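Q: Please find one structure pasted underneath; my questions will follow.
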Ligand SMILES: NC(=O)c1ccc[n+]([C@@H]2O[C@H](COP(=O)([O-])OP(=O)(O)OC[C@H]3O[C@@H](n4cnc5c(N)ncnc54)[C@H](OP(=O)(O)O)[C@@H]3O)[C@@H](O)[C@H]2O)c1
């Protein structure tokens, strides 16, 4: 297979939390990650066949890309795929802010191409999308995806790229048991009917659905994710207990059942792995086929939580 082909994995690996690593991490996750620990995560992931990495400039303002580039250096470039993002809000003031941001990502990641380059959000679709065309032509990015775009914005991006013979080849949105805006807005159906992969991010709600966290054992104090999720943990208990019991039937954990739910819905989950044993979870999740009854029960419990986990950077997907 040529490096130009996009190989859609069953599960992709997320690195937002990796921006916390090192001394000046932004503390969003409150994770204490070291380069040696992340090397172990990457090595274990590759040994298990998980080789598709998602990152972004803004995860620790370059820190996640830098550490990812460092730990992947021991692998041949053709043996893994990279996805990173152009974030409009972080654009510089040069003639071509998209090319400039991409060049900085390439330098940090230690590569000369990105397999799947995302526009991070639809801040101004008509303004930013055309900048991608020369990057595709020069082979610096092989494929384009859009993130946090609604159906109308996806169509606009696709029209702009289509004029140059390219297209939107992947969608990446928040999608979890607790946040199904993309499903309700018809984006999953659109992806299915057009044969476009739908990448689901925050499937574990930053750990709140992993089953490891509870009122007695909350998310790390002082982190941004704790501020968002800790108050919800009592309402999530019935759901995480159910995830744990479904997981148990399959010799797996609650987090694995949540990941298997996203796979069963036709999505490619991007799981933010931070520890080597998370990779064991991905192996287990890949092998779980949830029953229709399990899916119905999980979604009913999720709806009953009555929590709103929309990210501060997100809008509802309904047009
Ligand atoms: N396009 C966008 O706007 C956007 C927005 C958000 C995220 N993303 C992408 O999607 C990825 C996933 O989202 P996320 O990292 O924010 O959250 P997530 O995947 O929902 O949750 C990640 C957290 O869950 C825990 N975890 C991960 N794997 C686990 C496993 N197998 N078993 C048990 N616990 C596990 C870890 O917590 P502990 O560290 O506490 O163990 C980790 O920090 C990001 O890393 C990023 O690449 C994109």
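The values are calculated or read from the model by the stated rules, or taken from the named source; none is laboratory data. Fair warning: this is a prediction, and the values are worked out from it, not measured in the lab. No Cβ is skipped: glycine too gets one built from the backbone with ideal geometry, and neighbour counts run over all protein chains shown.
Q: Any chance segment 199-221 includes a residue that's touching a residue at least 24 places away in the same chain (Cβ under 8 Å), more than 11 Å from the ligand (Cβ to nearest atom), farther than 30 Å from residue 32 by Cα and surrounded by fewer than 21 Cβ atoms within 10 Å (Cβ to Cβ)?
A: Taking every residue of segment 199-221 in turn, none turns out to be touching a residue at least 24 places away in the same chain (Cβ under 8 Å), more than 11 Å from the ligand (Cβ to nearest atom), farther than 30 Å from residue 32 by Cα and surrounded by fewer than 21 Cβ atoms within 10 Å (Cβ to Cβ).
Conditions tested, residue by residue: (1) outside any loop (DSSP other than H, G, I, E, B); (2) modelled with pLDDT of 95 or more.
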| site | (1), (2) |
| --- | --- |
| 164 | no, yes |
| 182 | yes, yes |
| 188 | yes, yes |
| 193 | yes, yes |
| 196 | no, yes |
| 203 | no, yes |
| 220 | no, no |
| 230 | yes, yes |
| 239 | yes, yes |
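Q: For segment 301-319, enumerate the residues that are surrounded by 12 or more Cβ atoms within 10 Å (Cβ to Cβ) and part of a helix (DSSP H, G or I).
A: Hits for segment 301-319 are 301, 302, 303, 305.
Q: Looking at residue 225 and the list (1) outside any helix (DSSP H, G or I); (2) closer than 28 Å to residue 147 by Cβ, which single condition is not satisfied?
A: Every listed condition holds for residue 225 apart from (1).
Q: Right, next: Show me the helices (runs of 4 or more DSSP H) found entirely inside segment 1-113 where at least 1 residues are out of contact with any helix residue (DSSP H, G or I) (no Cβ under 7 Å at 6 or more places or on another chain), more than 11 Å from the ligand (Cβ to nearest atom) and over 20 Å from residue 144 (Cα atoms).
A: Numbers: elements: 35-47, 63-72, 97-109.
Of the helices (runs of 4 or more DSSP H) lying wholly inside segment 1-113, those with at least 1 residues that are out of contact with any helix residue (DSSP H, G or I) (no Cβ under 7 Å at 6 or more places or on another chain), more than 11 Å from the ligand (Cβ to nearest atom) and over 20 Å from residue 144 (Cα atoms) span 35-47.
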